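A.B. asks: I'd like to ask you about the structure that follows.
The values are calculated or read from the model by the stated rules, or taken from the named source; none is laboratory data. Everything quoted here is computed from the prediction, not taken from an experiment. Please note: Cβ atoms are built from the backbone with ideal geometry, for glycine as well, and neighbour counts cover all protein chains shown. Just so you know, the surface numbers come from the protein's heavy atoms only, side chains and all, with ligands and any DNA or RNA stripped out. Shrake-Rupley method; radii C 1.70, N 1.55, O 1.52, S 1.80 Å.
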Amino acid sequence: MQILRERAAIHGSIAHMDDVITQAQTTRAASGAQRAMFGDVQGKVKQLSDKFPIVRGLIGSIRRKKSRDTLILSAVIAACTLFLIIYWLSK
């Protein structure tokens, strides 16, 4: 009886592992499809920017704005962290 219970437990564990592996494979396939789609989009945007200088300028300004926003956000986070540390040390 003990061996049958152990066998059932092992079978349940194997079934659970199969489910997890199936989920991982599905996620991998979906990630690969998204990667391919984003690669295609990036290639099309590059072709457009090569054909139309206005689009190239627009993409460049978007990148500059994104970089500026990232720097501002980083500075705000650093300042908040610094003030938090100073406040924590003053108590």
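A.B. asks: Per-residue HN-Hα couplings for region 9-23, Karplus 6.51 cos²θ - 1.76 cosθ + 1.60 at θ = phi - 60°, whole Hz, x for Gly and Pro?
C.D. replies: After applying 6.51 cos²θ - 1.76 cosθ + 1.60, I find 5, 5, 4, x, 5, 5, 4, 5, 4, 4, 4, 5, 5, 4, 4 Hz.
A.B. asks: Where a Cα-Cα gap under 25 Å defines reach, which lysines qualify for residue 46, not counting those fewer than 8 residues away within the same chain?
C.D. replies: Cross-link targets: 65, 66.
A.B. asks: Counting only protein heavy atoms and using a 1.4 Å probe, what share of the accessible area of the chain belongs to carbon plus sulfur, as a whole percent?
C.D. replies: 68
A.B. asks: With point charges of +1 on the Cβ of Lys and Arg and -1 on the Cβ of Asp and Glu, referenced to the Cα centre of region 4-56, which listed residue (21, 42, 8) lies farthest in the positive direction of the dipole?
C.D. replies: Farthest along the dipole direction, towards plus: 42.
A.B. asks: Given Cβ point charges of +1 (Lys, Arg) and -1 (Asp, Glu) and nothing else, what value in debye, to the nearest 20, does the dipole of the chain about its Cα centre take?
C.D. replies: Rounded to the nearest 20 debye, it is 620 debye.
A.B. asks: So, in nm, how far is label residue 35 from label residue 9 when the simple model puts each one 7 Å beyond its Cα toward the Cβ?
C.D. replies: With each label point 7 Å from Cα toward Cβ, the separation is 3.9 nm.
A.B. asks: Per residue, what volume in Å³ does the convex hull of the Cα atoms of the chain enclose?
C.D. replies: Convex hull of Cα atoms, per residue: 127 Å³.
A.B. asks: Before I look further, what does region 1-59 give for accessible area per residue, probe 1.4 Å, in whole square angstrom?
C.D. replies: 93
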